Amino acid sequence: GCALPLADVGVVRWVCLGGGAGDGLVSLEVLAAQVEPREPEAIEASTTHPDDDVRMGARREAHHLSGVESLAAARRWIALGPEDELAWAAMEVIGKGGGRDDIAGLRELSRNFNYDASMSQLCTAADALARLRDEESIPWFRDHFASSPYSWLRRRCATALADLDQKFPNTLAIESLWDCEEEIQGLAAEVVSVSSVRISERLAYLSTSDA
């Protein structure tokens, strides 16, 4: 909860970079838990620590950073590319606290990874682009909504499309009334453009059943 005094942060940073594996992991967690983290560079430097667990811990804790200084670091990490976990941590940090000027970097990263990316990475991209209301990413949301086997990602994409895509009520929302995901059915029912007896009947059915 509370920020460490600056002197204590310095001690933790020294242990983080120079200590053994156990000390390094504990120190990473302490640094990342700061209310206004002042040492994202220590976490970044720990990604080259000789111990595998510390390197993995550094990348994991990078996702939890926040604050002005962490944003500055994240804007540097975003350029590392889709193969580097720090870039995905950057997308999460920027997605939570960035602004319109960050959209281009987020969009570029989201479009330059393969479909084998983990679900958490894909969901991170969807959350960031949706929060920043990037209309140029509408094709990206449509693509992943249609092709992803991940229900968590499809729900995020459907929510973003309902908010950003003016065509959604007359296109994908209609199909989504029969989606296998109940949450997506409900979202579609809220925004769909009623243009036929078939749609009206489906809406009536959804309103009276557990579908």
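Assorted remarks:
- Some residue of the stretch 127-137 being farther than 25 Å from Ala89 by Cβ, more than 14 Å from the chain's Cα centre (by Cα) and crowded, with 18+ Cβ neighbours inside 10 Å: no
- Subset of the stretch 185-211 (residues that are open to solvent by 60 Å² or more (accessible area, probe 1.4 Å), among the aliphatic types (A, V, I, L, M) and in a helix (DSSP H, G or I)): Val197
- Per the conditions (1) closer than 21 Å to Arg202 by Cα; (2) assigned to a helix (DSSP H, G or I), the sole criterion not satisfied by Asp179 is (2).
- Of the residues making up the stretch 26-53, those that are of a type in the set (Ser, Thr, Tyr) and modelled with pLDDT of 75 or more are Ser46, Thr47, Thr48.
- Tally, over the stretch 79-111, of residues that are within 22 Å of Met56 (Cα to Cα), in contact with an Asp or Glu (Cβ under 8 Å, 6 or more places away or on another chain) and β-branched (Val, Ile, Thr): 1
- Taking the conditions (1) in contact (Cβ under 8 Å) with a residue 24 or more places away in the chain; (2) hydrophobic (A, V, I, L, M, F, W, C); (3) over 30 Å from Ile78 (Cα atoms) in turn, Ile103 satisfies each one other than (3).
- Number of residues in the stretch 61-81 that are open to solvent by 20 Å² or more (accessible area, probe 1.4 Å) and under 11 Å from Glu92 (Cβ atoms) equals 4.
- Neighbours by Cβ (under 9 Å, 6+ apart or cross-chain): first from the stretch 193-205, within 18 Å of Glu182 (Cβ to Cβ); second open to solvent by 80 Å² or more (accessible area, probe 1.4 Å): Arg202/Trp178; Leu203/Val194
- Matching residues in the stretch 166-180 - criterion: being open to solvent by 10 Å² or more (accessible area, probe 1.4 Å) and under 21 Å from Pro139 (Cβ atoms): Gln166, Lys167, Pro169, Asn170, Thr171, Leu172, Ile174, Glu175, Asp179
- Top-ranked residue in the stretch 40-53 [being charged (D, E, K, R) and in a helix (DSSP H, G or I); ranked as surrounded by the most Cβ atoms within 10 Å (Cβ to Cβ)]: Glu44
- A single entry from Met91, Met56 fulfils the requirement of being crowded, with 22+ Cβ neighbours inside 10 Å, closer than 30 Å to Leu132 by Cβ and modelled with pLDDT of 50 or more: Met91.
- Helices (runs of 4 or more DSSP H) within the stretch 56-145 that include 2 or more residues closer than 15 Å to Cys157 by Cα: 103-111, 119-131
- Selection of the stretch 150-164 for residues being out of contact with any Cys (no Cβ under 7 Å at 6 or more places or on another chain) and open to solvent by less than 10 Å² (accessible area, probe 1.4 Å) yields Cys157, Ala158, Ala160, Leu161.
- Check on Ile174, over 25 Å from the mean Cα position of the chain (by Cα), in contact (Cβ under 8 Å) with a residue 24 or more places away in the chain and assigned to a helix (DSSP H, G or I): yes
The values are calculated or read from the model by the stated rules, or taken from the named source; none is laboratory data. Every value quoted in this text rests on a predicted model; they were computed, and no experiment measured them. Using ideal geometry, Cβ is built from the backbone for each residue, glycine included, and neighbour counts are taken over all protein chains shown. These accessible areas exclude ligands, DNA and RNA; they are computed on the full protein's heavy atoms, side chains included. Shrake-Rupley method; radii C 1.70, N 1.55, O 1.52, S 1.80 Å.
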